[in-house]
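The values are calculated or read from the model by the stated rules, or taken from the named source; none is laboratory data. Model, not experiment: these values are computed from the prediction. In this analysis, Cβ positions are derived from the backbone assuming ideal geometry, glycine residues included, and neighbour counts consider all displayed protein chains. What goes into the accessible areas is simple: the full protein's heavy atoms, side chains included, and nothing from ligands, DNA or RNA. Shrake-Rupley method; radii C 1.70, N 1.55, O 1.52, S 1.80 Å.
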Amino acid sequence: MAERGAKWPWVAVALAVLGIWLYERGGDHTPPPDAAASARATAPASSGAPPAPSGSPAPSGSASPTARGPEDYAPPRFAPEVAKYAAEAGVNPQLVMAVLFNEAYKPHGPEVERAWQKMKPDASFGIANMHRAAYDETRRNRPFADRPWEDLPDDPALAVRAAAWHLHDLGAQLPAHWSGSYTRDELMALGYNTGAGNMLAFARGVNPGAEARSYLDRLHDNWSKSADALAAH
């Protein structure tokens with residue numbers, strides 16, 4: 001019976017990967033259900049697995065990632081890291097937090113992300129969903145230059161730090177004035193989602209496509225809750 005119960009985390013991983021696949025196939029940006037939570041609901045009662053710890057996320061590199069449950073990747077839990085690294089990078093912490101909310105559409109955690117990456121080698125990593133090329137460019141000459149992209153799933157603090165600096169780099173590419181109607185934070189968020197080239201096109205007045213508009217709509221929806229998450233910190 002114990003052996004049967006020990007297998008359920010792999011069911012969680014499989015369901016989470018399936019949720020990501022269905023999301024990316026559908027392209028509608030509707031957040032998939034919490035697959036890991038569903039697996040917990042169907043896990044044998046006699047599995048004996050201890051509950052996930054309810055404290056704050058562990059600092060960088062200090063705890064095993066397997067000690068975290070899906071609820072431990074909720075963006076508000078990383079308010080201290082957002083405040084710290086947004087200040088370090090010189091960007092709006094509310095923007096960084098809103099990006100984390102936007103990127104929370106898929107399950108996070110080392111096992112889930114690595115399982116998905118095996119199926120889709122160009123998948124993004126970490127709670128901020130950074131692709132390898134963006135991360136490698138961002139880390140140059142930064143305090144985390146020696147940290148590889150593969151560390152992102154295991155270290156949420158590193159993921160937040162990299163996202164903050166990536167937003168900084170996007171903002172640095174914006175001209176002093178632009179003809180489009182978007183704010184600086186909106187353009188940086190669009191750049192995070194679609195790349196710097198598209199961000200500059202939007203600044204010139206080019207209309208975003210459906211996916212970029214959806215990302216911006218969700219940013220607006222997440223804006224006030226981002227402020228609340230930071231205020232509660």
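For the reader, a short list of remarks on this structure follows.
- Computed extension gain for Glu150 through Lys120, at 0.36 nm per residue and net of the alpha carbon distance, reaches 9.4 nm.
- Alpha-carbon radius of gyration plus Dmax, which is the widest Cα pair, for segment 117-185 in Å: 13.8, 43
- Carbon/sulfur fraction of accessible area - segment 124-227, other protein chains in place, 1.4 Å, %: 48 percent
- Spacing of the two label points (7 Å from each Cα toward its C-beta) at Ala201 and Asp217, in nm: 2.1 nm
- Label-reachable residues, segment 202-232, where backbone N falls under 12 Å from a point 7 Å from Ser179's Cα toward its Cβ: 202-207
- Based on every Cα atom in segment 78-233, Rg and the maximum pairwise Cα distance Dmax equal 15.0, 44 Å.
- Packing rank of 128-134, 158-164, 90-96, where each peptide gets the mean count of other beta carbons within 10 Å, highest leading: 158-164, 90-96, 128-134
- Loop-located trypsin sites (Lys or Arg not before Pro) in segment 172-233, at most 11 other Cβ atoms within 10 Å (DSSP): Arg204
- Percentage relative contact order, segment 173-233, counting C-alpha pairs under 8 Å, at least six apart: 33 percent
- Cross-link partners of Lys225 among aspartates and glutamates (Cα-Cα below 18 Å; sequence separation of 8 or more within a chain): Glu71, Asp72, Glu81, Glu103, Asp185, Glu186, Asp217
- What separates the Cα centres of segment 169-210 and segment 132-148 is a distance of 22 Å.
- Surface accessible to a 1.4 Å probe, per residue, for the residues of segment 77-203, Å²: 39 Å²
- The solvent-accessible area of Asp228, taken with every protein chain present and a 1.4 Å probe, is close to 100 Å².
- The relative contact order of segment 93-222 comes to 24 percent, based on Cα pairs under 8 Å that sit 6 or more residues apart.
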